[in-house]
Structure formats: C-alpha cells, structure tokens
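Asker: The structure follows.
What follows is calculated from the coordinates using simple rules that are stated; it is not laboratory data. Just so it is clear, the model here is predicted, and its values are computed rather than measured. Here the Cβ positions follow ideal geometry from the backbone for every residue, glycine too, while neighbour counts run over all protein chains shown.
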Amino acid sequence: YSTFSGVPEAPKDPILGLNELFREDPSPLKVNLGVGAYRTEENRPYVLGVVKRVEQELANNPNTLHEYLPIEGLPEFRSLSARLVFGERSPALKEQRVVSLQSLSGTGSLRLVAEFLSKFYQRGAVCYLPRPTWGNHWNIFPAAGIKCREYRYYSDETHEVDIIGLLDDLTAAPSGSIVLLHACAHNPTGADPSMTQWQEILDVIRKKQHFPLFDCAYQGFASGSFERDAAAVRLFERATVPASEADGARERPMEMAVTQSFAKNMGLYGERVGAAHIVCAAPAVTQAVLSQMKQIARGLYSSPPAHGATIAARILKDRALFAEWETEVHVMSSRILRMRRELFEALHENKTPGNWEHILSQIGMFSFLGLSAEQCLYLREKYHIYMTTNGRISMAGLTSDKVQYLADAIRDAVV
Ligand code: PMP
C-alpha cells in the first residue's frame, strides 16, 4: 500500500508521448514527423555554427563562472531579446514601458505571464485560445488558475485562417478577455493571418478592450526574416486604445504581453532560453510589475539558467555574430520550404486525391495535412510514420530521401 495508490495514471503528452512510441518501434522504415525540432537533410539534430563558436569562446574564457543569475535574468539578454521582438524603433522600449524577464524558454515565460495575469489582471478574466492551438496552452493557463475558452481560428475546408469565425468569436467574448495569439508560424496549422487580417484582429481587440498575449516561438523561422515574423507583434505594440475619462487623454498605448522562445531560432531547445515581456501603458507602473513578476519567478524556479542566455546575448549584441545567425536561420527556414515543395510535388505526381496546395501556403515548421485521426493511425501502424493524430507533420523532421515514401503512404491512406 502507498499513500499514492489512488493516483490515476495521467495520459501521455500527445507530442512527447509520440517520441517514446517512435523510439520503441524497431522498423528501419520509421519516420518521426512528430516533434518540433529542426533536423538537417541527414536527419540529424543541428547545433548552429555561431552557437558552437560562442560556446567555445565561453569555455576558454577564465571569467566564465557558474554563479546564479538575478531572479529576472541576465540584464543584456533581457534588453536585447526585447529589441529583437519589438524592433529598434519600438515606441514602448523608447518610452521605457516594457517589463522584460528572462524565463524558462517559451513555456516558462507563458507560465510566468499566466501567473501574473491570474494575480493582477481583471479577476475572472478568461483566456481565449485559438482552435486548434499548441496543446500545452491548455496545461499552462488552467495551472495558473485561468479558465480557457476557444475562438475559431482555422477552416478545415479552406485550409486557411477562418477570419470571419475568429472576428465573430472575439467580438462575442466578454470585454477585457485575454486573447492568446501566435505571433507567426501558427502551431499546429501553419496558417497565419495576412497583415490586413491582423489589422482587423487588432481593431476588434481594441474595441473590446481585450488583452493580447503573443506567443512568439518561431521568430525568423517562418519567413527567414526576424522583422517580417515580428510584424504582428509590432503592429499591436504601436497601437493605442481609447482612454478612460480619468486618464485625461483620448488615447493610451495598448497593453499586452509577449513570450519569446529561442529554442527553435537558435536551436537552444534544452537550454531553456526565453523571455516574458509585459508592455505597460505608462512607465510609472513598470517597477511594481517587475517586482511582482520577480516574486512569482522566485517561487517557481528562483532564477533562470545562465548558459544559454549568455550565448544568446552574445549573438544578439555582436553585429557580425548576429549576421551569421541570420544566415543560419535562413538556411533552416529554406530547407523547410524545400521540403514543402518536394512533398507537394510528390503528392501531385503520384496523383493523391485532394488539393494539397495548403502544404505550400502554410508557413513555419509544421504542416497541417488535413488527415483524419484514423488516417494518421493507419500511417503509423502500416508505414511507421509518426505524426500527431490531428494530422500535423513537422516539415523539419522530413528529409528528401523520405518524401516519396511519405507521399505514397499518404496516397494509400486517403484512397
Ligand atoms: N509556443 C508554441 C506555439 C510552441 O510551438 C512552442 C514549442 N513547441 C512553445 C511555445 C514553447 O516551447 P519551448 O518551451 O521549448 O520554448
């Protein structure tokens, strides 16, 4: 007998559980299209050249220590990561209205923001998540005591953003709701709003006085350009909302939060490098906000890890290293785009029924093929092809030598 005899087993994480199944599969044919980590054309994990060099430099430097970082993280990393996402000419940064903390990659940063909002944002506010979304969002917000609901995001028919459903749902949501948005390369669908659609989303959020929270996990990975992939965040950051009478002004800057991950764009997955940014309407409140965020972080993990953030800060600070990084991000995003093209062409050539254009129009690491759960399981059992049962494949896990095999298997699954 144990005190824990009554503990029921939790379901496997749908993404990480898939990896376990893949590892256990002895077939030489097996292909892992489940997990979202970049692989080279040889299907190997990739350490960026620029990261390797900075690591060597750090290893050889006698001043490299393993002391604790401050609760809020490495100062240079905090400011440089904010500059990467908000841009050189960000009004919020210039006006010192942004509170930035280094946190534990994207997930830890989301949790930190969720805990802060749960404590200090409007009591009982609901967080609206896109349907579908990255599954972990459904763990993070409820764990912080924030209830979640869905807004329509994606149309299975058009394979595009369901902009009408999205705008309707955000209009119907109670004023002041938290709205989670994927900054770019929406996971799992790979469908992003156009800039015109982002403007429409912004208009509804302004009108309803919602609180936007951008999850930015793929900056640079979607288009190969850091600027383009941050365009939605910057559009919102520069927006204003009608002020209340008490403010004595007609408009005030919009308040929002951004969480940032360097897992994908620097390939620092296991180092847990990320940041949480709260954009405030006035600089006067930032000190109190920072102090509360620090108190939450202290209770959760005390201080963030130093190694990865030190690497990231070096790359973000040095012009030459930054340029090298940009080139490598471009190489990674180009390989993903090439895989999209090759898969599309193979499906076209083997005459797989259906329209597969969305594989080309989707963006980022993932493609949402539009397969049913049964078809996904069929591919797993018969062909040892592993993907989440929503039909999402990681393009970064695909290599040229597997494209034909995958395309023929898909044809078999859909006919
Ligand atoms: N948000 C989204 C949408 C993601 O896809 C991911 C990575 N899978 C994350 C956040 C966070 O990942 P990490 O904690 O590894 O940075």
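Asker: Of the residues in the range 121-136, how many are over 26 Å from Thr196 (Cβ atoms) and within 16 Å of the ligand (Cβ to nearest atom)?
Answerer: Qualifying residue count, the range 121-136: 2.
Asker: Residues in the range 139-150: is at least one more than 18 Å from Gly274 (Cα to Cα), within 12 Å of the ligand (Cβ to nearest atom), surrounded by 21 or more Cβ atoms within 10 Å (Cβ to Cβ) and within 18 Å of the chain's Cα centre (by Cα)?
Answerer: no
Asker: Right, another one. Would you confirm whether any residue within the range 162-177 is surrounded by fewer than 24 Cβ atoms within 10 Å (Cβ to Cβ) and within 16 Å of the ligand (Cβ to nearest atom)?
Answerer: No, the range 162-177 contains no residue that is surrounded by fewer than 24 Cβ atoms within 10 Å (Cβ to Cβ) and within 16 Å of the ligand (Cβ to nearest atom).
Asker: Which of the numbered conditions does Gly354 fail, given that it passes all the others? Conditions: (1) of a type outside the set (Val, Ile, Thr); (2) more than 16 Å from the ligand (Cβ to nearest atom); (3) part of a loop (DSSP other than H, G, I, E, B); (4) at negative phi.
Answerer: (4)
Asker: Tell me, yes or no, whether the range 238-248 has at least one residue that is among the polar types (S, T, N, Q) and more than 10 Å from the ligand (Cβ to nearest atom).
Answerer: Yes, some residue in the range 238-248 is among the polar types (S, T, N, Q) and more than 10 Å from the ligand (Cβ to nearest atom).
Asker: I'm trying to understand the selection: among the residues of the range 266-282, which are closer than 19 Å to Glu55 by Cα and either near the ligand (Cβ under 10 Å from one of its atoms) or surrounded by fewer than 23 Cβ atoms within 10 Å (Cβ to Cβ) (or both)?
Answerer: Correct list: Gly267, Leu268, Tyr269, Gly270, Glu271, Arg272, Val273, Gly274.
Asker: Having 3 or more residues that are out of contact with any Asp or Glu (no Cβ under 8 Å at 6 or more places or on another chain) is the bar; report the helices (runs of 4 or more DSSP H) wholly within the range 86-185 that clear it.
Answerer: 105-120, 137-143, 163-172
Asker: Just to be sure I understand, how many residues within the range 357-378 are in a helix (DSSP H, G or I) and of a type in the set (A, V, I, L, M, F, W, C)?
Answerer: So the count comes out to 5.
Asker: Give the residue that is nearest to the ligand (Cβ to nearest atom), with candidates limited to residues of the range 1-46 that are farther than 17 Å from Thr388 by Cβ and hydrophobic (A, V, I, L, M, F, W, C).
Answerer: Taking the candidates together, the pick is Ala10.
Asker: Same structure again: Within the range 232-327, considering only strands (runs of 3 or more DSSP E) that don't extend past its boundaries, which have at least 3 residues that are touching an Asp or Glu at 6+ places or on another chain (Cβ under 9 Å)?
Answerer: 240-242, 256-261
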